[in-house]
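Trainee: One structure follows; several queries about it will come next.
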Amino acid sequence: MYNSKPTLFLLRNFFILAVLVLAANWFFTFQLVCLKDDNSFYYIPVRMYLSDALHQGTLLLWNPFLLNGVPQVSDMQGAVWNPFAFILCYFFKYNHSLFLLEYVTYILIGATGAFKLLGLITKNNFLLLAGVTIYICSGFVSGIANFINWTASFGFIPWVFYFYFLIIEQPNFKNSILLGITSWLMLVCGYPAFIIYTIYCVLALFVWQVWQQLKKGLAINKIIFFLLLALVIALLLSLPAIIAYIEFLPFYNRGKELTTDLPFRDCFYPQFLSSLFIPTSVYNKNYDLLCHSANRDIYFGILPLLAVVLFVLNYKKNKTSFVVLLTSIAIFTFVFLFGFLTPIGNLSFKFLPLMAVFKWSASARVYVIILFIAAAIYQLNKQDINLSKLNIRILKYICVFMLLGIVVVFLLTNKYAVFETKLHYKLFFLNTVIQIILWVLAMVFIKQLLTKKYWLLLFIVVDLFVNYNIAMAVSGVGNVKPSIFNKYAASFYNQQPDEYLKKSLAENRKLYMFDPWSNHNASKIMNGATFLMSNTIFSGYEKMFVVDTANESILRNNAFVFSDDVDSLTINTINLSYLAINLNINCKTSGNIIIQQNNYYRWKEVNGLPINTWKNCFMQIPVKAGNNNINLQYNRGNYEMMMKLSYAFLLLLIAFLFFGSRNKILSAQGQPR
């Protein structure tokens, strides 16, 4: 490992990385397109509700407008505990432009993290920029573009590993604090599955490191202390979020052992290896029954692939116990991608804690890509890179094999695939032609490209930029300009949903169904019309439809408040807020009303009326004949105070880092010895 300058990164390098990220994502930099699918249907709305609540002076504890009511503060995929989203929501009225800014910020964080992590292998700036380009433009990034919390995880993964290695080589308070803060950010900003797998990788590295230290007769107490300190810091910063998550866990549909066939949908099926030949080949509709498009693309470039082959050809020379460990992790992870299709996947989901909690195995390919990048950069960095005639011949044979593979993949995809639009089909053709040209160039100029760092970097940038842009055009971006979405967002904060609530979902569907590609006059009510059958937050909600599919018809054809047994129910007023639900209704007879809100234990009726659960899910409240005032209040708990304490602790840590470094209390060394 190499020493580097004491700062996290030089301003010059950060500027170069920022330009690289903004150039690769030029369509977001210039606000030309929206991010689509789950980003538009869930992640942006949640942030808009958070912004709306904060501007009304409250935290987004309960969101009555989405998913038929959800304790948003307890949703592991919500934005309440995410400091980046929180700051943007607090100081601005959140819209799609801010969403794109947040998204690109995570890409930039990932780029700087990859730059620092790969800096443990090489000092060569050409190779570092090549490695960063591979990381931020791989098929993983374009594939997961519809899930911003996955992108956030992508941003923090290299930082967690980087600070872990720093503690191993140089255990001190500075590195421990930074690992703790980074781990906290990964937990509250990202998707839980990634931190679970990262923990397993770190545990494997730690066990190996302890074994190595004990073999050498060296003490490990200091390393263990600072790693435990980092864990404590991460837990203290995350404590409000963890408490919220644990509180909601009994009601949470995700976060449980998966016993259905759903995990199969997120396995990396063997046919997805075609993305190494033509990345866009995996984005066809015929794969929908197998796996979400986010889990298909593993493309990481032509020269990096050839460099990995070189690494394997020279494996005996590269072989150390650490290399064997990383190779084992890479092989295990690659097999794990196939999930329940392999014995390793089955055993992992069955016996390893938390591994079967989220249906996600194919998304672990980011760890394989990181290890491939490390192997490629390590091989290219060697001064005595072995490019014998035999190796050149082998690499050229691989180029021929890949060209033949491109032809086969093209013919099969062209014959059987169904793309979403004609434009996507044309992009697939374009992608095929580009891949043929690039592989021919690689075959003809293989030695020059692998030995001359400038041409190596240029080829990698062109290759990854072009393929990344094509893949994003097919999978990641929508056909609406952010300015159009922003017009909707501007009206969102002034909309009053009351009148919509007095009509049935079926009647209101055309008025307020959230469809950013055709209708931008949606109200704040986006629960029933959009998520009637896709509420995967409350287990009771999903069970209601699994047990009795007729409930869909009942809810579509009834207003926000309805009844099974009250004669002539008249809704006078409905007032919703993030902490209260107030109803005034007239009933000809006594009975029970059903409110289309998930029944959660924090809700209480001011006058002491009991709140029962209707069909595993919604709130049922008794009413008398005549006029009824129903006033529901939400128990706020101590979340606002806990959030303030968490941020106060964060500020103390930052102050300690800043003043400690200035006063030489903390070590100025930023890299391993």
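The values are calculated or read from the model by the stated rules, or taken from the named source; none is laboratory data. Please read all numbers here as calculations on a predicted model, not as lab measurements. For neighbour counting, all protein chains shown are included, and Cβ atoms are generated from backbone atoms with ideal geometry for every residue, glycine included. Note: areas computed on protein heavy atoms with side chains; ligands, DNA, RNA excluded. Shrake-Rupley method; radii C 1.70, N 1.55, O 1.52, S 1.80 Å.
Trainee: Please state, rounded to one decimal and in Å, the Kirkwood hydrodynamic radius that segment 285-362 gives when every pair of distinct Cα atoms enters the mean of 1/r.
Mentor: Values: mean 1/r = 0.0673 Å⁻¹.
For segment 285-362, inverting the mean 1/r across all distinct Cα pairs yields 14.9 Å.
Trainee: Express the carbon and sulfur contribution to the solvent-accessible surface of the chain as a percent, rounded to the nearest whole number, probe 1.4 angstrom. Provide the component values of the computation, followed by the final result.
Mentor: Values: 18390 of 27710 Å².
That fraction is 66 percent.
Trainee: What length, rounded to one decimal in nm, is gained on full extension from residue 624 through to residue 568, with 0.36 nm per residue of separation minus their alpha-carbon distance? List each step's numbers first, then the result.
Mentor: Numbers: separation 56, 0.36 × 56 = 20.16 nm, distance 1.24 nm.
Stretched out fully, the residue 624 to residue 568 stretch lengthens by 18.9 nm.
Trainee: I would also like to ask the following. Once you order the gyration tensor axes a ≥ b ≥ c over the Cα atoms, which shape class does segment 328-428 get: rounded for a/c under 1.5, otherwise prolate or oblate by comparing a/b with b/c?
Mentor: On the way: a/c = 2.33, a/b = 1.11, b/c = 2.11.
Taking the square roots of the gyration eigenvalues as a ≥ b ≥ c, segment 328-428 is oblate.
Trainee: Right, here's the next one. Let's test the formula: R0 of 60 Å, r as the Cβ-Cβ distance of residue 219 and residue 592. What FRET efficiency results, to the nearest 0.05?
Mentor: Numbers: r = 68 Å, r/R0 = 1.13.
Approximately 0.30, to the nearest 0.05.
Trainee: Taking square-rooted eigenvalues a ≥ b ≥ c of the alpha carbon gyration tensor, is segment 1-111 rounded, prolate or oblate, where a/c under 1.5 means rounded and, failing that, a/b exceeding b/c means prolate?
Mentor: On the way: a/c = 2.57, a/b = 1.83, b/c = 1.41.
Verdict is prolate for segment 1-111.
Trainee: Using a Förster distance of 51 Å, how high is the FRET efficiency between residue 483 and residue 207, based on the Cβ-Cβ distance and rounded to 0.05? Mind dumping the intermediate values first?
Mentor: On the way: r = 52 Å, r/R0 = 1.03.
Efficiency, rounded to the nearest 0.05: 0.45.
Trainee: Highest mean first, how do 125-137, 12-24 rank when packing is the count of other Cβ atoms within 10 Å averaged over residues?
Mentor: Top of the packing list down: 125-137, 12-24.
Trainee: How far, in nm, would the chain grow between residue 433 and residue 404 when pulled straight, counting 0.36 nm per residue and subtracting the alpha carbon separation? Provide the component values of the computation, followed by the final result.
Mentor: Values: separation 29, 0.36 × 29 = 10.44 nm, distance 1.30 nm.
Stretched out fully, the residue 433 to residue 404 stretch lengthens by 9.1 nm.
Trainee: Can you give the extra length, in nm with one decimal, that the chain gains between residue 609 and residue 87 once fully stretched, where that is 0.36 nm per residue apart less the Cα-Cα distance? Show your work: numbers first, answer last.
Mentor: Working: separation 522, 0.36 × 522 = 187.92 nm, distance 3.86 nm.
Separation in residues times 0.36 nm, less the Cα-Cα distance, equals 184.1 nm.
Trainee: Classify segment 545-617: rounded, prolate or oblate, from the alpha-carbon gyration tensor (a ≥ b ≥ c, eigenvalue square roots; a/c under 1.5 rounded; otherwise prolate if a/b is larger than b/c)?
Mentor: Details: a/c = 1.59, a/b = 1.15, b/c = 1.38.
Because a/c hits 1.5 or more and a/b fails to exceed b/c, segment 545-617 counts as oblate.
Trainee: A further question on this structure: Using a basic spin-label model with each label point 7 Å from the Cα along Cα→Cβ, how many nm lie between residue 105 and residue 354?
Mentor: Output for this residue pair reads 2.5 nm.
Trainee: On a 0 to 90° scale, report how tilted helix 422-444 is relative to the longest principal axis of the chain, with both axes built from alpha carbons and the result rounded to the nearest 10.
Mentor: 20
Trainee: Would you mind computing, in nm to one decimal, how far apart the modelled labels at residue 496 and residue 452 are, each placed 7 Å from Cα along Cα→Cβ?
Mentor: Reported label-point gap for residue 496 and residue 452 is 7.1 nm.
Trainee: Hand me the chymotrypsin sites (Phe, Trp or Tyr not before Pro) from segment 588-642 located in a DSSP loop with no more than 14 other Cβ atoms within 10 Å, in residue order please. Could you put the intermediate results ahead of the total?
Mentor: Numbers: sites: 600, 601, 603, 614, 618, 634, 639; in loops: 600, 601.
Loop-located and lightly packed - 601.
Trainee: Still on this structure, please answer the following. Calculate, for the chain, the solvent-accessible area per residue in square angstrom, rolling a 1.4 angstrom probe over the heavy atoms of the protein chains. Walk me through the numbers on the way to the answer.
Mentor: Details: 27710 Å² over 673 residues.
Per-residue accessible area for the chain comes out at 41 Å².
Trainee: Further, regarding this structure: Can you give the helix-only mean residue ellipticity at 222 nm for the chain, where every DSSP H stretch with n ≥ 4 adds -39500 (n - 2.57) and the sum goes over all residues, rounded to the nearest 500 deg cm²/dmol? List each step's numbers first, then the result.
Mentor: Details: 27 runs with 374 residues, N = 673.
Roughly -18000 deg cm²/dmol at 222 nm, from the helical runs in the chain.
Trainee: Excluding same-chain residues fewer than 8 positions from residue 215, which lysines have a Cα within less than 24 Å of its Cα?
Mentor: Leaving aside lysines fewer than 8 places away in the same chain, those within reach of residue 215 are 316, 317, 319.
Trainee: I've got another one for you. So which chymotrypsin sites (Phe, Trp or Tyr not before Pro) in segment 419-503 end up in coil per DSSP with only 14 or fewer other C-beta atoms within 10 Å? Let's see the in-between values first.
Mentor: Numbers: sites: 419, 425, 428, 429, 439, 445, 454, 455, 459, 465, 468, 485, 488, 492, 493, 500; in loops: 419, 445, 493.
Of the chymotrypsin sites (Phe, Trp or Tyr not before Pro), the ones in loops of segment 419-503 whose Cβ has at most 14 other Cβ atoms within 10 Å are 445.
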